[in-house]
Amino acid sequence: MRKLTGRCELQRICYNTKPGASRTMKIETSLRDSKSKLLQTSVSVHPDAIEKTIDDIMELKKINPDINPQLGISLQACLLQIVGYRNLIADVEKLRRESYDSDNPQHEEMLLKLWKFLKPNTPLESRISKQWCEIGFQGDDPKTDFRGMGLLGLYNLQYFAERDAAAAQQVLSDSLHPKCRYSFAIVGINITDLAYNLLVSGALKTHFYNIAPEAPTLSHFQQTFCYLMHEFHKFWIEEDPMDIMEFNRVREKFRKRIIKQLQNPDMALCPHFAASEGLINM
């Protein structure tokens, strides 16, 4: 093909594919499947080495950067996303593997803040209390509920409760309604598990490569969690389950819907997401 067009595969992708997930995923596949060791390893370099890696690729491919300045810019944008996604998985995995420690003041502070953000007008009477059930934990000490997702579950719940307080409080209020009833915090940890698996499987690449002009960050992941919480809440109400025993069925149906959406290379789950918009009033 290069003999016909005078361009290598990376050039053809950059010149013929619009920016975003379509281009970045094609570049990622091309680099990963290349016979060249330099190209194969370029998808896992340190972010600080990306510029040097681009120069090396241009030299290997005998591409003059003065004649093709846009190619270097396009490749750099793609590599920032590709490397950033891999690093985001590592950051998220680190939080998931860190257990909640009630002897750690920082962990305790985050947990108490979660209560304050969700129940600003109701003081917590004591650290060990049945009151935790009011925001959807299973017992009088939430630390046992974080076992599956570690600190990641708490980070996500606190982010939602703090950054979109009105939406989080409304979802919590709706979850206590007899017609809707589910455990807010437990569902939040479960949706954290869904977001984590979407990330690790690569399903979220389309979303992040379309919304993050450079490297996707932990904040992007947490915003996606907020969106998933909000959308699952609406989905739960629409499904109108008999009781909480139908949770796994509804969750699986929701998961399949999200995965189907993410198979569209133009998909951005929450390009300008504000969870407080479009809430259903119970």
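The values are calculated or read from the model by the stated rules, or taken from the named source; none is laboratory data. Every value quoted in this text rests on a predicted model; they were computed, and no experiment measured them. Positions of Cβ are generated from backbone atoms using ideal geometry, with glycine treated the same way; all protein chains shown enter the neighbour counts. The accessibility values were calculated without ligands, DNA or RNA, using every heavy atom of the protein model including side chains. Shrake-Rupley method; radii C 1.70, N 1.55, O 1.52, S 1.80 Å.
For segment 58-63, backbone phi angles converted through the Karplus equation (6.51, -1.76, 1.60; θ = phi - 60°) give residue-by-residue couplings of 4, 5, 4, 8, 6, 9 Hz, Gly and Pro being listed as x.
Descending by average beta-carbon neighbour count within 10 Å, the peptides 127-133, 179-185 line up as 179-185, 127-133, the highest first. Of the cross-linked pairs LYS119/LYS143; LYS94/LYS119; LYS130/LYS179; LYS205/LYS256; LYS26/LYS260; LYS18/LYS205, which ones have a Cα-Cα span greater than 21 Å in the structure shown? Violating the 21 Å Cα-Cα cut-off are LYS94/LYS119; LYS130/LYS179. Ligands, DNA and RNA left out, the 1.4 Å accessible surface of segment 118-235 is 46% carbon and sulfur atoms. Based on protein heavy atoms only, the chain ends up with 51 Å² per residue of surface accessible to a 1.4 Å probe. Solvent-accessible area of segment 32-103 (1.4 angstrom probe, protein heavy atoms only): carbon and sulfur portion equals 48 percent.
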